[in-house]
Amino acid sequence: MGDRTIDLNQIEAFGEILPDVPELSSHQVGWESLFLAYYQQHPGCETPKSTFQQHALEIIDNGFESDHDRRLGERHFSHRLKEGEICFCPANTTHWTRWEQPLNFTIITFELDLFTQISQQMFNCDRLELIPQWQIFDPTIQALVQALKADLAAKCPAGRLYGESFGTSLAVHLVKNFSVTCLKSPNLEAFSQKKQKQVLDFIEAHLDTDIRLEDLAQIAGISKFYFCRLFKQIMQIPPHQYIIRRRIERAKELLKHSELTTVEIALACGFAHQSHLTRHFRRIVGISPQKFRRI
């Protein structure tokens with residue numbers, strides 16, 4: 001009997017390999033090209049021998065360890081899983097695992113096209129070869145995954161752009177570090193001043209909406225992978241942080257020059273609710289919106 005092939009970007013498919021229901025899932029959010037499932041206190045179990053249609057990344061939470069066995073492709077190994085440990089399973093790689101103690105862990109899957117586009121458009125590479133990885137301890141991956149989980153737990157108050165930006169950064173990091181293919185440096189001259197102005201004007205005109213990374217990249221006429229890198233290089237700040245700061249500036253204007261309530265101002269500036277506005281306002285301005293209005 002051959003390995004079963006599983007489409008991990010369907011939330012129902014996780015039930016074929018893991019008996020518990022995830023605590024968090026990006027199923028309802030609609031992030032493009034990636035999917036996240038977070039499990040808490042999942043009891044020890046044995047997964048079926050299978051292959052995945054997507055690239056899969058597994059990250060163990062801090063504070064959790066367990067004895068375990070695993071098969072990745074032709075390799076079989078046994079060791080104690082450590083907190084913060086990361087395993088990467090490329091698509092179409094035979095996978096099986098068994099662990100004993102309860103674990104908190106995150107699984108993130110990526111569509112193959114995402115990695116292909118990154119390798120072609122950012123690194124001018126037509127053939128991408130990814131290799132299985134285990135016993136990896138990478139603070140960059142851990143920080144990006146934590147940001148994605150925190151955004152999901154907060155119900156994505158900044159819209160899809162925040163999660164998709166971190167997901168794209170994570171995918172680029174994996175392509176750069178888990179590939180055996182020689183990658184070339186990207187062309188960093190594709191974002192003209194005219195296109196920059198068009199992107200910034202679009203952001204200003206749509207601050208009250210759920211701005212998508214794909215929309216901004218299309219205006220710039222480049223891929224979203226190029227866009228994230230070039231925007232940060234030019235503006236010295238990632239696109240999602242730039243948008244939050246512009247929303248705060250819009251809120252400051254309305255607080256001083258309108259009779260709108262704080263709730264109305266939050267919605268008019270693209271924040272999910274008043275507390276979302278207040279949290280970012282305090283972080284950036286240093287005081288609450290109410291106190292700013294009284295000054």
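Just checking, which of 190, 205 is at pLDDT below 90 and of a type outside the set (Asp, Glu)? Spell out how you get there, then give the answer.
Values: 205 fails: at pLDDT below 90.
Within the list 190, 205, the selection yields 190.
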**Request:** Return a yes/no flag: does the range 257-269 have any residue that is surrounded by 20 or more Cβ atoms within 10 Å (Cβ to Cβ) and outside any helix (DSSP H, G or I).
**Result:** yes
**Request:** For residues that are under 13 Å from the mean Cα position of the chain (by Cα) and over 14 Å from residue 166 (Cβ atoms), scanning just the range 28-37, find the one that is modelled with the highest pLDDT.
**Result:** 37
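Can you find, within the range 225-245, the residue that is nearest to residue 158 (Cα to Cα) among those that are free of Cβ contacts under 8 Å to residues at least 60 places away in the same chain and not hydrophobic (A, V, I, L, M, F, W, C)?
Within the range 225-245, the first condition is being free of Cβ contacts under 8 Å to residues at least 60 places away in the same chain, and the residues that meet it are 227, 230-237, 241-242, 245.
Subset that is not hydrophobic (A, V, I, L, M, F, W, C): 232-233, 236, 241-242, 245.
Numbers: 232: 18, 233: 22, 236: 20, 241: 10, 242: 12, 245: 12 Å.
Among residues in the range 225-245 that are free of Cβ contacts under 8 Å to residues at least 60 places away in the same chain and not hydrophobic (A, V, I, L, M, F, W, C), the one nearest to residue 158 (Cα to Cα) is 241.
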**Fill in**
Of (1) among the hydrophobic types (A, V, I, L, M, F, W, C); (2) buried (at least 17 other Cβ atoms within 10 Å of the Cβ); (3) modelled with pLDDT of 90 or more, residue 200 fails just (2)
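Restricted to the range 146-161, and to residues that are within 17 Å of residue 27 (Cβ to Cβ) and assigned to a helix (DSSP H, G or I), which residue is nearest to the chain's Cα centre (by Cα)? Can you show your working first?
Let us first name the residues in the range 146-161 that are within 17 Å of residue 27 (Cβ to Cβ), namely 148-149, 151-156, 159-160.
This time we only want the ones that are assigned to a helix (DSSP H, G or I), so: 148-149, 151-153, 160.
Working: 148: 5, 149: 8, 151: 9, 152: 10, 153: 13, 160: 10 Å.
If we take residues in the range 146-161 being within 17 Å of residue 27 (Cβ to Cβ) and assigned to a helix (DSSP H, G or I), then 148 is nearest to the chain's Cα centre (by Cα).
The values are calculated or read from the model by the stated rules, or taken from the named source; none is laboratory data. Here the structure is a predicted model, which is why all the values come from computation and not from measurement. Heads up, the Cβs are rebuilt from the backbone with ideal geometry, glycines too, and the neighbour counts pull from every protein chain shown.
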